[in-house]
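Visitor: For reference, the structure I am asking about is given below.
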Amino acid sequence: GSLSFTLAVPFLIAARGGRQRVGLPDGRSLEIDIPEGATDRQTLRLKGQGLPDPNGGPAGDAYVELHIEPHAFFERRDSNIHMELPVTLNEAVLGGRVRVPTIGGAVMLTVPPGSNTGSTLRLKGRGVLDRKSGVRGDQYVKLRIVLPDQPDEALKAFLEGWQAGKAYDPRHDMERFT
């Protein structure tokens, strides 16, 4: 007869593909090949791994429903990966090259000068393989400027004397909506 069960799969194994060991209800354990780009609730059929036939015929099939676990900072949307990347004020204002994690390993990303929190950069082809089209998605990196825990005295002194900063109102558009 057939056998059905669910399997929790770590996010990166689902994205990259890999092997996952599973304990079956009858005490056996199996190594399952998780296909690259596996999706949440996808069902894999394991031929002949179900229950033995009581009449001595071939064993049934086992059906495994995959439950993809969330990741600490990657979020999958279709075949694209989205993430937020903390950057320093220096990196945002002056631009620079920063290391960014991807599902395939870290890569260098150029942050353009004058980047703002919410600016989104695209890493082409760094997403998940779409098994139907054979095309790999992209990774979208949303920047988030993070200031150090201890404010720097020189930065505070600069901002107190920075006239252009005082003349700029980032909230001016909000008046229309209240």
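Visitor: Run lengths n ≥ 4 of DSSP H only: what is the helix-derived mean residue ellipticity at 222 nm for the chain, with -39500 (n - 2.57) per run over all residues, to the nearest 500?
Guide: Values: 4 runs with 26 residues, N = 178.
After summing the helix terms and dividing by residue count, I get -3500 deg cm²/dmol.
Visitor: Leaving out ligands and nucleic acids, note down the accessible area per residue over the chain with a 1.4 angstrom probe, in whole Å².
Guide: 65
Visitor: On a C-alpha basis, how far is the centre of the range 32-102 from the centre of the range 123-137 in Å? Whole number, if you could?
Guide: The two parts, judged by their Cα centres, are 13 Å apart.
Visitor: Can you list the residues, at least 5 places off or on another chain, whose amide H is less than 5 Å from the amide H of Arg136, using H built in the peptide plane?
Guide: When sequence neighbours closer than 5 places are left aside, the close amide H contacts are Asp130.
Visitor: How large is ³J(HN,Hα), in whole Hz, for each residue of the range 70-81 in order, when computed from phi with the Karplus curve 6.51 cos²θ - 1.76 cosθ + 1.60 and θ = phi - 60°, using x for Gly and Pro?
Guide: Working through the residues one at a time gives x, 10, 4, 9, 8, 10, 9, 10, 6, 9, 9, 10 Hz.
Visitor: Setting aside same-chain residues fewer than 8 positions from Lys124, which lysines have a Cα under 19 Å from its Cα?
Guide: Lys132, Lys142
Visitor: Same structure again: Subtract the Cα-Cα distance of Leu159 and Leu94 from 0.36 nm times their separation in residues, and report this length gain in nm to one decimal. Mind showing how you got there, number by number?
Guide: Working: separation 65, 0.36 × 65 = 23.40 nm, distance 1.62 nm.
Taking 0.36 nm per residue and subtracting the Cα distance, the gain is 21.8 nm.
Visitor: Same structure, new question: Roughly how many percent of the accessible protein surface of the chain is carbon and sulfur, given a 1.4 Å probe and a whole-percent answer?
Guide: It is 53 percent, rounded to a whole number.
Visitor: Under 5 Å between amide hydrogens, which residues at least 5 positions from Ala59 or on another chain qualify, with H placed 1.01 Å from N in the peptide plane?
Guide: Under 5 Å from the amide H of Ala59 lie the amide H atoms of Asp53, each far enough along the sequence or on another chain.
Visitor: Let me ask something else. Applying the Karplus parametrisation 6.51 cos²θ - 1.76 cosθ + 1.60 with θ = phi - 60° to the phi angles of the range 2-15, what ³J(HN,Hα) value in whole Hz is obtained for each residue in order, glycine and proline being reported as x?
Guide: Rounded to whole hertz, the list is 7, 9, 10, 7, 10, 9, 7, 10, x, 3, 5, 5, 5, 5.
Visitor: Shifting gears a bit: Got a sec to turn the phi values of the range 100-115 into Karplus ³J(HN,Hα) couplings, 6.51 cos²θ - 1.76 cosθ + 1.60 with θ = phi - 60°, whole Hz, x for Gly and Pro?
Guide: 10, x, 10, 5, x, x, 6, 10, 8, 10, 8, 8, x, x, x, 6
The values are calculated or read from the model by the stated rules, or taken from the named source; none is laboratory data. Treat the numbers as computed from the prediction; the structure is a model and nothing was measured. Accessible surface is based on the protein model in full, side chains and every heavy atom, while ligands, DNA and RNA are left aside. Shrake-Rupley method; radii C 1.70, N 1.55, O 1.52, S 1.80 Å.
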